[in-house]
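The block underneath contains the structure these notes are about, expressed in structure tokens.
The values are calculated or read from the model by the stated rules, or taken from the named source; none is laboratory data. Remember, it's a predicted structure, so these values are computed and weren't measured experimentally. Every residue, glycine as well, gets a Cβ built from its backbone with ideal geometry; the counts of neighbours run over all protein chains shown.
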Amino acid sequence: MNRAARLALLAATALACGCGEPQAPAPARRVILITCDTLRADRLGAYGYGRPTTPNLDAFAGQAVLFELAYTSAPVTDPALSSLMTGRLPDEIGVAGGNRLFMPASVETLAELASAAGLPTGAVVSNWVLRRPEPAYGDVGLPQGFDHYDDRMTEPELNRDFAAERDAPDTTDAAIAWLSARRDRGEDRFLFWVHYQDPHGPYTPPEPIAQRFASPPGDEPPLALSTTVYGQGAIPSYQALGGERRPGVYRDRYDAEVAYIDEHVGRLLDWLREQQWWDDSLIVFTADHGEALGEHDSWFCHGENAYAEAVRVPLIVRFPRMAAADAVANAATSAATAGRRAELVGHIDLFPTVVEALGLPARAARGRSLFQSWPGSRLLVQTLSEPGRPCRWHGLTDGRWRLVTHEGSPSQLFDLAADPREEHDLAAARPEIVAEMERTFAELLRSAERVAPLSERTVSPEEEARLKSMGYAGGDDQDC
């Protein structure tokens, strides 16, 4: 690269970051990865939401880098987080079939890399589908590589008392307990992951928070209650809040759940600051996927399609040793401009980012490190269900255009600049863009490295029945 090209790249990087001239990556003493279940990006104040749902995360965003256009790899928990932990697409690691499949032991995860390098690895999870598999399954799934994998869940969910969860206060307490033990032992280098279950439905925030977000009834007609766990045209059976059928009440309670998680994520972030584990850590906040709140006639559900509301996620990253001057400048600047990067990014980019931050041995991955800004085009893929099934969906995103495909149906094309809610299909008007995106996607598929075949390790029939009754089966058996 000649000098002029290097200068142009540096200028583009600085503009994208909104945080001064780019700095060389600084090594991290530790990585703290915070993930939240079922959280839409547009429900955070830092992403433009008008209600005061996330004051703590908004403050964190003011001292970090907010990625304006970030996507998961799947609108279902286990495939999404498996992709995040490996830098691979769900098809490549054998888990495109949803929550009923375990990622095979042959797939190398971030935790395995960190553990092999001698770093302590810990996880605290709070969603039933992330529990450790029975020993008979072997070393499979997301627990691979974690020395400590805390999946204690004792709180029964409303409507699904056979499946427990852990609420936000207990999740933060468990996270701080593991982190405190590292501090007391003088272990200040580690990889830690905590996953919060809220705001996954049913939406049951503490009543004081629910009342704070309750709004006057609107004129929106009530919805029917579905006889199934799916939300097309009706409230999913597992989401029912007694006899309540007004959609506005459900949206308000979703917002209250977001505020609940924000309170307790804020408590964890405050603890990290108090330990002076702030400037030399890589701290990441994101969600596994989003949630439909009525868009495309999908109500209070996910894992049923690949539209934006289900696959666009928040992504806020505090890089190690961000300059103090930058942090002050970011805090003093409006939320519209402080520490924001506009390039298209995805969960697959977190694997190379963490590898670089901890100085781990480099590994091939689908994504690219967020320590650098990457001007130019790319195509990100979101997948639902396994190849050949009628519920197979893809979302293809290049940042400007988004192509949504559903097995057996015509592709839909959306202009994200003019239509971020994906309401106006332009496929018939712009066939050349559809053709180009489909061609690029075909090339991407040809280049895919199948690290593991479609997993044959599935949950037991009893567990699969529970998954289906919980709306967790990820489109595996719904009527398409």
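Here are some notes:
- Residue check for residue 11: out of contact with any helix residue (DSSP H, G or I) (no Cβ under 7 Å at 6 or more places or on another chain), assigned to a loop (DSSP other than H, G, I, E, B), at pLDDT below 95 and surrounded by fewer than 23 Cβ atoms within 10 Å (Cβ to Cβ): no
- For the criterion of being under 14 Å from residue 347 (Cα atoms) and in contact with a strand residue (DSSP E or B) (Cβ under 8 Å, 6 or more places away or on another chain), residue 77 fails.
- Some residue of the range 178-198 being buried (at least 19 other Cβ atoms within 10 Å of the Cβ) and small (Gly, Ala, Ser): no
- In the range 103-160, the residues that are among the aliphatic types (A, V, I, L, M), out of contact with any helix residue (DSSP H, G or I) (no Cβ under 8 Å at 6 or more places or on another chain) and closer than 25 Å to residue 268 by Cα: 125
- Checked against the criteria, residue 39 does not count as assigned to a helix (DSSP H, G or I), under 23 Å from residue 202 (Cα atoms) and of a type outside the set (Asp, Glu).
- Residues that are among the hydrophobic types (A, V, I, L, M, F, W, C) and either touching a Gly at 6+ places or on another chain (Cβ under 7 Å) or part of a strand (DSSP E or B) (or both), drawn from the range 373-410: 380, 381, 384, 391, 393, 396, 401, 403, 404
- Selection from the range 387-435 of residues that are surrounded by 14 or more Cβ atoms within 10 Å (Cβ to Cβ) and aliphatic (A, V, I, L, M): 396, 403, 404, 413, 416, 426, 427, 433, 434
- Long-range neighbours under 9 Å by Cβ, at least six apart or interchain, first residue more than 19 Å from residue 126 (Cα to Cα) within the range 244-265, second among the polar types (S, T, N, Q): 248/215; 249/215; 250/239; 251/215; 252/215; 253/204; 255/53
- Residue match in the range 143-160 (condition: farther than 24 Å from residue 31 by Cβ, of a type in the set (A, V, I, L, M, F, W, C), touching a Leu at 6+ places or on another chain (Cβ under 9 Å) and surrounded by fewer than 21 Cβ atoms within 10 Å (Cβ to Cβ)): yes
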